[in-house]
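Have a look at the structure below, then the notes.
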Amino acid sequence: MNFMRPSDLPNEDSPDSPQGFDADIEISATQDSNAQPATPAEIHDMQAVGALIRADRLLAGYFPGVNILNEADLYAREGELVGIIGPNGAGKSTLLKALFGLVHINSGTVVLRDEDITNLRADQLVRRGVGFVPQTNNVFPSLTIEENMQMGAFQNPSNFTTRFDEVIDLFPTLGERRKQRAGSLSGGERQMVAMGRALMMNPSVLLLDEPSAGLSPALQDEVFVRVREINATGVTVIIVEQNARRCLQIVDRGYVLDQGHNAYTGTGQSLANDPKVIELYLGTLAKV
Ligand SMILES: Nc1ncnc2c1ncn2[C@@H]1O[C@H](COP(=O)(O)OP(=O)(O)OP(=O)(O)O)[C@@H](O)[C@H]1O
Ligand SMILES: [Mg+2]
């Protein structure tokens with residue numbers, strides 16, 4: 001297969017990028033010279049107005065009284081590609097799981113369009129257009145590719161054929177090898193199955209947890225190209241990535257999560273060029 005490199009893809013200035021978000025948190029802090037500078041949370045509240053999905057001040061964790069998310073804020077506008085980076089254990093996966101109803105939210109809200117979806121079950125969220133690809137164990141290895149896709153469409157089986165054809169347009173390999181067991185596929189191919197499965201319900205928001213983890217650099221490139229392609233079809237994507245520099249290259253906007261809290265946010269480009277982000281999270285040689 002012939003894959004474009006992520007550097008060939010349009011950047012956030014391209015005409016097909018979503019409009020209307022002015023993401024750099026540090027530039028819009030004060031209008032009135034007498035006012036106190038807005039806090040990051042207040043800036044989030046201003047910028048998140050009209051977002052497709054937003055999470056405000058999330059406190060969530062795995063055990064009562066122990067919060068992993070510590071007032072995390074996040075939003076994504078319709079059509080946006082949003083990245084979340086941060087150190088191991090920062091709570092990135094926990095944040096995605098909280099959005100998808102897999103970790104209990106003790107305080108704070110998640111709103112999809114105008115509906116409060118805080119702590120809804122995953123199946124209820126899928127019905128509302130939220131898709132999720134977990135970090136691990138994201139395919140059924142003993143099932144064929146086609147059967148995996150059927151699992152993805154189980155809430156709407158009558159639409160299977162039409163939707164499978166659409167997903168195959170994005171991932172032709174899945175169609176060519178539809179009878180092959182997912183367990184016999186390479187890591188990169190499995191990621192395509194996992195993303196394809198999540199796309200079977202035609203989500204408006206797709207949550208991806210480290211889709212490039214464990215893949216060779218070439219396959220990582222392929223995953224990033226695919227993510228951009230999925231986003232280009234109109235799906236809003238929120239992606240957690242361990243490959244932070246590459247992630248910031250492809251996203252419209254990003255968050256640096258540290259200890260369950262937003263440490264930095266801004267456009268992918270501004271984060272990648274922020275000396276503090278480089279020093280703390282990208283390494284001193286990081287350049288985008
Ligand atoms: N199922 C769980 N039960 C209890 N604690 C958990 C569970 N999953 C994660 N944690 C804890 O929550 C914290 C955040 O973990 P999380 O997996 O969200 O981090 P992460 O940012 O995704 O890290 P990584 O980059 O390693 O994937 C860690 O301290 C982790 O030990
Ligand atoms: Mg994780």
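Points worth noting:
- Sparsely packed loop sites in segment 141-186 (the trypsin sites (Lys or Arg not before Pro) outside DSSP H, G, I, E and B with at most 16 other Cβ atoms within 10 Å) comprise ARG178, LYS179.
- Shape call, segment 50-139: gyration tensor on alpha carbons, a/c limit 1.5: rounded
- Subtracting the Cα-Cα distance of ALA122 and GLU166 from their residue separation scaled by 0.36 nm leaves 13.5 nm.
- Radius 11 Å from Cβ of ALA41, net charge of other residues (Lys, Arg +1; Asp, Glu -1): -4
- Gyration tensor verdict on the chain (Cα atoms; rounded if a/c is under 1.5, prolate if a/b is larger than b/c, oblate otherwise): prolate
- Exposed-loop-free span, longest in the chain, where chymotrypsin sites (Phe, Trp or Tyr not before Pro) count as exposed if DSSP calls them loop and at most 16 other C-beta atoms lie within 10 Å: 155-288
- For LEU52, net neighbour charge (Lys/Arg +1, Asp/Glu -1) across residues whose Cβ lies under 12 Å away: 0
- VAL66-THR233 pseudo-label distance in nm [points 7 Å out on the Cα-to-Cβ vector]: 4.0 nm
Values in this text are rule-based calculations from the coordinates and carry no lab data. Just so we're clear, the structure is a prediction, and the values are computed from it rather than from any experiment. Neighbour counts run over all protein chains shown; Cβ positions are idealised from the backbone, glycine included.
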